[in-house]
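What follows is a short report on a single structure.
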Amino acid sequence: MVKSVQIRAAKATDWSSIVDILECCGLPTDVVGDSSHFFQVAVLGGQVVGCACTEKYDETVVVRSVAVTPEHHGQHITIHLVGTALTRARAEGCTRAVLITAGDDDFSPPELELPEEVSLSADFVRRFGISRKSKEPID
């Protein structure tokens with residue numbers, strides 16, 4: 001990791017940088033600026049170079065939208081973003097975590113065994129279009 005990278009809570013002035021990073025990485029931007037989601041950012045030389053989003057469902061935290069600019073790949077910034085997100089969640093009473101990823105691993109949320117409070121939430125169903133009880137897509 002680059003030693004001078006700083007992980008901090010995102011500010012309203014960071015939203016456009018977060019959107020740029022997520023779009024560059026092919027990730028959805030629909031939750032940026034949503035008050036129910038907490039973003040953390042990695043800052044290097046005064047510029048936002050990475051982000052991670054958390055959503056809390058009872059005692060479970062969902063970590064998603066973890067991304068770093070292509071020129072900063074391989075510097076372990078995502079490890080520190082996720083670690084900071086988990087530390088914050090633990091301090092807020094979370095005892096379980098789910099990491100939602102996208103990429104070349106053919107990951108699909110229906111393959112996971114999620115805690116019930118996550119899988120039955122309206123937000124999860126809206127976003128992923130699946131009910132964990134039925135494991136069938138919702139129209």
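Numbers for the structure displayed
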{"item": "Residues with amide H under 5 Å from that of VAL66, placed H, sequence gap 5 or more", "result": "CYS53"}
{"item": "Label-point separation, SER16 to GLU71 (7 Å along Cα→Cβ), nm", "result": "1.8"}
{"item": "Rounded if a/c under 1.5, otherwise prolate or oblate - the stretch 1-100, Cα gyration tensor axes", "result": "prolate"}
{"item": "Label point distance in nm, THR29-SER4, each placed 7 Å from Cα along Cα→Cβ", "result": "2.8"}
{"item": "Built amide H within the under 5 Å cut-off of LEU99, gap 5+", "result": "VAL63"}
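Taken together, the values in this text are just the output of simple stated rules run on the coordinates, not laboratory data. Owing to the predicted nature of the structure, the values given are computational and were not obtained by experimental measurement. Positions of Cβ are generated from backbone atoms using ideal geometry, with glycine treated the same way; all protein chains shown enter the neighbour counts.
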